[in-house]
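The values are calculated or read from the model by the stated rules, or taken from the named source; none is laboratory data. What you are looking at is a predicted structure, and each value in this text was computed from that prediction instead of being measured. Using ideal geometry, Cβ is built from the backbone for each residue, glycine included, and neighbour counts are taken over all protein chains shown. SASA here: full protein model, heavy atoms, side chains in, ligands and nucleic acids out. Shrake-Rupley method; radii C 1.70, N 1.55, O 1.52, S 1.80 Å.
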Amino acid sequence: MLNINSIREQLLNIETFNSEVLQFIENKNWLNIWVPKQYNGLGLEFSEGLKTLQSIAKIDGSLGWFVTLCSGANYFSRNLKPNIASNLFSSQKTCFGGSGILGGTAEKIGEDYIINGLWHYATGTPYLTHFTLNAKIIENGKEVLDKNGDPKFLSFILDKSQVKLIPTWKSMGMIATSSHSFEVNNQKVNQDYSFIYNEFYSDDLVEKIPFRIFADLTLLVNYLGMAEHFIEKSLDIIHYQKQTDFNNFVKESTSKSIEFAKIIENLLASNSPISGEIETDIHSFGIKTVEEITQFIIQIYPQLGIKASKLNDEINQIFRDYFTATQHRNFRINILL
């Protein structure tokens, strides 16, 4: 049976997860953290889900990132008509993933759409059973515009058989996320497999969390989990005060992240509005936290010696994973030293 150490050994400098790791993820039902219980999901509260994601990221960066982004995509179960969601999530193997960019077109023909386009940085491409994507709507050969005059778009769910993978993921870290590109050519998708990201068929608190807050905190706990892993492995090499300071900072930041999540939960439970100020406070907290983590790692890493420069060493992989993951647009532009 796999445990944390054996998972870490199996994920050291590999390009893809093996079947044993994927089975472990399925057995834990981690991809369904945010899926309602009615669809065989865990249906976790926001704060509990964040704790789970951080604990997974502490095991391994690629593992945590894959689970975070693909469980985040499985969240779209809430946006699908109940009969469609129930069918798709009848198996715990169901794994959504894809791209949030507007990378293609969807030409409406009757009750179907013909999808074409290219999308990049889709986390977990080899492991996905279904791909999510955003596409501009075309009718009668013309782009459909919304009330603001912008191109109208819809999100779609496609079976993996309708998608061509393009191996473009050549990063220095987060290797096993296999975040390749994918292409769709003239694939027919019924309108029942389209959705609007902020319209829901379920009814609980998680779906009412503003997307910016959901994205910021789910990504932030990944950085905190990787930081915990870095501290743990660096202590195997050297002990000095900076690691203690770093550990205290991570604990305080973790507590603050969960505190923010509970504030959001309480506001939603009491039907109180979530102000733009709270959203800004959470985003600013995330920016500052990532900047501080980055500073700590850069200060500690040179003290670890030649061991930390070896590609086959775990501490080196954590370093590479962290600085690859922090290129995500949510916090990237603010990580300036």
Q.
With the crude spin-label approximation of a point 7 Å out along Cα→Cβ, what separation in nm comes out for residue 280 versus residue 19?
A. 5.4 nm
Q.
Explain nothing, just the number: relative contact order of the chain, from Cα pairs under 8 Å at least 6 residues apart, as a whole percent.
A. 19 percent
Q) Given the protein chains as shown and a 1.4 Å probe, how many square angstrom of residue 113 are accessible, to the nearest 10? A) 20 Å²
Q. Out of residues 5 or more away from residue 136 or on other chains, whose amide H comes under 5 Å of its own, with H placed 1.01 Å from N in the peptide plane?
A. 104, 105, 106
Q. Which one of 158, 133, 304 has the biggest mean-square fluctuation once the chain is modelled by GNM with Cα springs under 10 Å?
A. 304
(Q) 5 Å is the cut-off here: which amide hydrogens, built 1.01 Å from N in the peptide plane, fall below it relative to residue 174, excluding neighbours closer than 5 in sequence? (A) 321
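Which length gain, in nm to one decimal place, applies between residue 109 and residue 307 when the Cα-Cα distance is subtracted from 0.36 nm times their residue separation?
On the way: separation 198, 0.36 × 198 = 71.28 nm, distance 5.95 nm.
Gain in length upon complete extension: 65.3 nm.
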Q) Per residue of the chain, what 222 nm ellipticity follows from adding -39500 (n - 2.57) for every DSSP H run with n ≥ 4, rounded to the nearest 500? A) -14000 deg cm²/dmol
(Q) Just to be sure I follow: if Rg is taken over the C-alpha atoms of the range 1-139 and Rh is the Kirkwood radius over the same atoms, what is Rg/Rh? (A) 1.01
Q. Based on the alpha carbon coordinates of the chain, what radius of gyration and maximum Cα-Cα distance (Dmax) apply, in Å?
A. 20.4, 67
Q: Obtain the radius of gyration and the Kirkwood radius of the range 218-294 from its C-alpha atoms and give Rg over Rh.
A: 1.09
Q) In the neighborhood of residue 200, defined by Cβ-to-Cβ distances under 14 Å, what is the net charge if each Lys or Arg adds +1 and each Asp or Glu adds -1? A) -1
(Q) Based only on Cα atoms, what mean projected area does the convex hull of the range 78-208 have, in nm²? (A) 9.4 nm²
Q: Give the cross-link partners of residue 108 among the lysines, using a straight C-alpha distance below 23 Å as the criterion and excluding same-chain residues fewer than 8 apart.
A: 81, 136, 142, 147, 152, 160, 164, 188
Q) Roughly speaking, what is the centre-to-centre gap between the range 1-77 and the range 122-197 when only Cα atoms are used, to the nearest Å? A) 22 Å
Q: Bin width 10 Å, alpha-carbon pairs only: give the P(r) of the range 194-337 as whole percents, running from 0 to the bin holding the largest distance.
A: 10, 36, 29, 16, 8, 1
Q | Cα-projected label distance for residue 192 with residue 270, points at 7 Å along beta-carbon direction, nm | A | 4.3 nm
Q | From phi via Karplus (6.51, -1.76, 1.60), per-residue ³J(HN,Hα) for the range 93-98 in Hz, x at Gly/Pro | A | 7, 4, 9, 7, x, x
Q. How high is the relative contact order of the range 197-309, given as a whole-number percent (alpha carbon pairs under 8 Å, six or more residues apart)?
A. 40 percent
**Q.** From phi via Karplus (6.51, -1.76, 1.60), per-residue ³J(HN,Hα) for the range 300-309 in Hz, x at Gly/Pro
**A.** 7, 3, x, 7, 8, x, 4, 4, 6, 8
Q: Could you go through the range 160-167 in sequence order and give the Karplus-derived ³J(HN,Hα) for each residue, using 6.51 cos²θ - 1.76 cosθ + 1.60 with θ = phi - 60°, rounded to whole Hz, and x for Gly and Pro?
A: 4, 5, 8, 10, 9, 7, 10, x
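Where does each of 201, 75 land when they are ordered by accessible area, with a 1.4 Å probe and the largest first?
These residues rank, largest area first, as 201, 75.
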Q. Which far-off residues, 5 or more places away or on another chain, put their amide H under 5 Å from the one on residue 98, with H placed in the peptide plane?
A. 123, 132
Q.
So if I place +1 on the C-beta of Lys and Arg and -1 on the C-beta of Asp and Glu, and nothing else carries charge, what would the dipole magnitude of the range 183-337 be about its Cα centre? I want it in debye, nearest 20.
A. 560 debye
Q.
Need one number: nm distance between label points at residue 145 and residue 236, each 7 Å from Cα along Cα→Cβ, rounded to one decimal.
A. 5.9 nm
